[in-house]
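Reading through the structure tokens given below for one structure.
The values are calculated or read from the model by the stated rules, or taken from the named source; none is laboratory data. Note that the structure is predicted; figures quoted are calculated from it, not measured. Please note: Cβ atoms are built from the backbone with ideal geometry, for glycine as well, and neighbour counts cover all protein chains shown.
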Amino acid sequence: MNLDLIHFLIENHVELCKVPVSGNIRDIFSLYLMSRDRVVDMDSDALVQVMTYNDFINELKDVEIIVPGSIIFKNENAPSPHEFDTITFIDVVPLKILYYMHFERKDKNSDSFDSRKSSELKTQPPLPTPISSPQPFDKFMDLLDMEKMDDMKTIRNNPLNKVLLTKLNNILETEPQSYQLGRERAKESTPITNYIPSCMNHEHSSILSSTVYIVNNKIISMQWSKLSKYEIENPEFVECLQNNIHYVPNLKPQTDLSLGDCSYLDTCHKLNSCRYLHYLQYIPESLLTKISNETKKKNDEIEQNGYKIPFYSHGNCSSVAVKEQLPPQWIKCDVRKFDFNIIGKFSVVIADPAWNIHMNLPYGTCNDIELLQLPLNHLQNDGVLFLWVTGRAIELGKESLMNWGYKVINEISWIKTNQLGRTIVTGRTGHWLNHSKEHLLVGIKGDPRWVNKHIDIDLVVSTTRETSRKPDELYGMIERLVGPHARKLEIFGRDHNIRPGWLTIGNQLTGTCIHEMDVKTKYDKFIANNNKNKENRYRLPNQQQKQNNNQNQSLNKIQRQPDFNRNNHKRFNMSSQPLLSQNNNGINIMTNRNQINIAGSIPYSIQERTETSTPIQNTYFASSTASSSS
Amino acid sequence: MTPMESYTTSKESEHKSKHVNFKPSTGFHTNDYSNNYIHTGSMPQKHVTNIENPVEGYPKLQKLFEEKDKQISHYATTPFGCKVEIDSMVPKLNSWIQKDNLNFDVVMIGCLTDNQFIYPLLTQLPLDRLVSKPGFLFIWASAKKINELTKLLNNELWAKKFRRSEELVFVPIDKNSPFYPGLDQDDDTLLAKMQWHCWMCITGTVRRSTDGHLIHCNVDTDLNIETEKTRNGAVPSHLYRVAENFSTATRRLHIIPARTGWETPVRLRPGWVIMSPDVMLNNFDPAKYKKEISRLGCNIPLKNEIETLRPKSPIQKAS
């Protein structure tokens, strides 16, 4: 009769039947051994080792026979009907009675269960010395055998513990199914972009350098005779040429091969005098058409699939298949003086502020303090904000995010590459070390449960372009994160940043274009108020008045822009109507949140907003619109 | 005939007529590796073309790295290991400071695991006495841990002593890498983690333009991508190399306040004292170490080859 076992069952009956043990007898066995291990120490080594799984089963059965109904077994996967592999229920009451009966009897025999245990604990023998032979070589080998060392020192019954540990690790390492489903859906629904692998064989590029005919930094033709000769020496060369991107050295009279590659490569301004090596990208036209056709075919399939609505709808708007994306919208304004209440709430915001980092950049940088004071806390209730930061601004950016009510949840690194797909390692790009990457902080606010987590990773590998222009890959990542129909805002954007589904604001944009009806109304009111206030408050000197006239003209111009015709408004309003009704029916609670954000045109009461919006104090906005017309 | 068909027919007849059209396409093509990852599962960082040799194409830099390598290994102390349980690290370091009067110019804390006890170490350790002035501190952890440490490092006392100077990043090559951060403590992140972060802090004053005997700036970059070769231990060699290439100091200490297990042993490295519960050798002796340092000197001496090759600040014209 195993009292230890009964004690163990009484103490742990709840945990044993619950997840993750779920009454699995093998697991219970190893847990039992571990618990014994803790209580009884070294000298009962023999006991533990003698006890096998079958013994354990038999002991469990003994208990069950003595106290019928105390343990209920179930047979799930065992080969024969007489064997059991799970315990579904442990009745503690009869077990307790049994345990105390024995306990009392033992007490009378003055062989207390507890005292036995404690005496054993007291008389712990010292650790048996693992190395009996003092031979230096053996000692050395023992030192190397880390696994054995670990076993000796810390955990006994290693194999069993290990099984449990790996099990635990597996549980911890299992992704939520939502990640996998999200990724699977993204795979089925994201349009493919042309992908052409690059050739990694250096020989190929040197062969090519002697066969191409380059005029005006462009590859004009190739000497087929030479190529076929090389093909005989290097089979698969032609095949590689037809399937991969190659970079062909652009050799010029002044090129000095010993100097190596130009740090600027294709962006070098002195192509005709630079003595460093430059390259030209070579892709056969046939390859490009082949890839484009394949891509188009796949994308057509994806588009057709788009009409089949995936069963996994988390984070998607309920009319994902029929809803059109809004065309690009943008507002030219000084972000520092803009009333953010005009534009409503967003699921996602990107901000790429020009941090004041003592560098001569081809645009005005604004003060860090001004950035911190931006009322970005108005833009989202639940949502995600992406903030580009550089060097010193990393800390400042984290601070700002916290001030605006965000929690920094991820940090994306943009690995900057050059024409050849290499990281940037030259050119004293940082103060202490060269900078090969840039940081993008990801802040989260509220509880946006509609986001699709872990579709992408926190890295972007992309080539550098114009100064401070950020990779477009980010837009794809964001669209996968929040769904294609969420309202998305970019602050400090430039003309190359405008894109469908996004509203871009910044002072370097050309003009203004708004499609969402309510935003348009509020924006017009804002401009009108702004003008009125100015006229009422100050008697403008002649010159400024003239400017004001100018500005009114420019506003008229904006309103007359072709994008603003009535049809357009109607179209988008209509498409957002059925959305709302679906929402009210409560089709999908998850998407509901998203929906409110998407259909930002409806939930906001226009009057309330305009009343509370403070009149703009400064003339900057007006003058900036004025300058756009000139 | 569509272009697609014309391509296939040309390929079929390739063997007969040997005619392949090599007409180049116009315009620059770039791949969207994030999009490619979604469709193929191939990680974007895998497509960087200079992972194995970051200075590929730059013979001058390559030479500089070789020269520095030689110089560094020439002036490296015996590799030392100090096997200490995590709990006794602080007392041990304290005794080094107080009894043995030891200090270090380069101190690296942490490695690429989430299960580290950096915060207690930083708060209990008299770091300003352990790190000499000028000195350099590298702290490696997950981006999340680094974020949590921000509070500590931004507090006034700390910020005064250690200026945060660069943020380094280490990127594992894929999900099979031993350095893949995994899902540990990753319940609410929006994007899957694929990087480790490091704070490089400077204490005391060093100037980029004039202190060439102490630091060599702009040799390495702030980004390292894992290579296959460095998978055999708990700490990829990149982490050590950045510190070695930057500071010319010979007294370097690496504290790993984490258990890494015997599967990923902490290997020794010439020029470093490595303190970890799992370091492979326990051979550190303060007296012996001090003797070696007095023989080597505290800084690697200047070498002309390196001086001519290394990137320097532009010399200000005397006005």
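So here's what we get for this one:
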| item | result |
| --- | --- |
| Hits in the stretch A:263-274 (condition: at the interface with chain B (Cβ under 9 Å from one of its Cβ atoms) and either in a loop (DSSP other than H, G, I, E, B) or farther than 22 Å from residue A:436 by Cβ (or both)) | A:263 |
| Selection count, the stretch A:249-262, where residues are crowded, with 17+ Cβ neighbours inside 10 Å and either facing chain B (nearest Cβ under 9 Å) or closer than 18 Å to residue A:426 by Cα (or both) | 3 |
| Hits in the stretch B:53-80 (condition: more than 10 Å from every other protein chain (Cβ to nearest Cβ) and not in a helix (DSSP H, G or I)) | B:75, B:76, B:77, B:78, B:79, B:80 |
| Index of the failed condition, residue A:297 passing every other in (1) more than 10 Å from chain B (Cβ to nearest Cβ); (2) loosely packed, with under 14 Cβ neighbours inside 10 Å; (3) among the charged types (D, E, K, R); (4) over 30 Å from residue A:342 (Cβ atoms) | (1) |
| Candidate set: the stretch A:162-176, residues that are within 22 Å of residue A:21 (Cβ to Cβ) and among the charged types (D, E, K, R); chosen: the one farthest from the other protein chains (Cβ to nearest Cβ) | A:167 |
| Residue match in the stretch B:251-273 (condition: of a type in the set (Ser, Thr, Tyr), surrounded by fewer than 23 Cβ atoms within 10 Å (Cβ to Cβ) and away from every other protein chain (no Cβ under 14 Å)) | no |
| Scope the stretch A:396-441; condition among the charged types (D, E, K, R), at the interface with chain B (Cβ under 7 Å from one of its Cβ atoms) and surrounded by fewer than 19 Cβ atoms within 10 Å (Cβ to Cβ); matching residues | A:428 |
| Odd one out for residue A:444 among (1) in contact (Cβ under 8 Å) with a residue 60 or more places away in the chain; (2) in a loop (DSSP other than H, G, I, E, B); (3) of a type outside the set (Gly, Ala, Ser) | (2) |
| Any hit, the stretch A:177-191, residues being under 26 Å from residue A:418 (Cα atoms), more than 39 Å from the chain's Cα centre (by Cα) and facing chain B (nearest Cβ under 10 Å) | no |
| Residue match in the stretch B:17-34 (condition: at the interface with another protein chain (Cβ under 8 Å from one of its Cβ atoms), part of a helix (DSSP H, G or I) and modelled with pLDDT of 95 or more) | yes |
| Test for residue A:305: is it at negative phi, touching a residue at least 40 places away in the same chain (Cβ under 8 Å), in contact with a Pro (Cβ under 6 Å, 6 or more places away or on another chain) and surrounded by fewer than 19 Cβ atoms within 10 Å (Cβ to Cβ) | no |
| Single condition residue B:252 does not satisfy, out of (1) at pLDDT 95 or above; (2) within 30 Å of residue A:452 (Cα to Cα) | (2) |
| Close pairs (7 angstrom Cβ cut-off, 6 or more residues apart or separate chains): of a type in the set (S, T, N, Q) in the stretch A:508-524, in a loop (DSSP other than H, G, I, E, B) anywhere | A:508/A:363; A:508/A:494 |
| Qualifying residue in the stretch B:239-247 (condition: part of a loop (DSSP other than H, G, I, E, B) and either under 19 Å from the mean Cα position of the chain (by Cα) or not charged (D, E, K, R) (or both)) | no |
| Residues located in the stretch A:442-483, provided they are more than 7 Å from chain B (Cβ to nearest Cβ) and among the acidic types (Asp, Glu) | A:447, A:466, A:472, A:479 |
| Whichever residue in the stretch B:41-88 is of a type in the set (Gly, Ala, Ser) and more than 21 Å from the chain's Cα centre (by Cα) and, among such residues, is farthest from residue B:244 (Cα to Cα) | B:41 |
| Which numbered condition residue B:219 misses (of (1) free of Cβ contacts under 8 Å to residues at least 24 places away in the same chain; (2) within 29 Å of residue A:416 (Cβ to Cβ); (3) part of a loop (DSSP other than H, G, I, E, B)) | (1) |
| Subset of the stretch B:190-240 [within 12 Å of chain A (Cβ to nearest Cβ) and among the charged types (D, E, K, R)] | B:193, B:207, B:208, B:211, B:220, B:222 |
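Per-residue answers, yes or no, for (1) among the hydroxyl-bearing types (Ser, Thr, Tyr); (2) on the phi > 0 side of the Ramachandran plot; (3) modelled with pLDDT of 95 or more:
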| position | (1), (2), (3) |
| --- | --- |
| B:49 | yes, no, no |
| B:68 | no, no, yes |
| B:84 | no, no, no |
| B:107 | no, no, yes |
| B:114 | no, no, no |
| B:119 | yes, no, no |
| B:125 | no, no, no |
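The rows are residues; the columns are (1) assigned by TED's automatic domain parsing to the domain that holds residue A:530; (2) surrounded by 16 or more Cβ atoms within 10 Å (Cβ to Cβ); (3) modelled with pLDDT under 90; (4) part of a loop (DSSP other than H, G, I, E, B).
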site: A:320; (1), (2), (3), (4): yes, yes, yes, yes
site: A:342; (1), (2), (3), (4): yes, yes, no, no
site: A:360; (1), (2), (3), (4): yes, no, yes, yes
site: A:364; (1), (2), (3), (4): yes, no, yes, yes
site: A:387; (1), (2), (3), (4): yes, yes, no, no
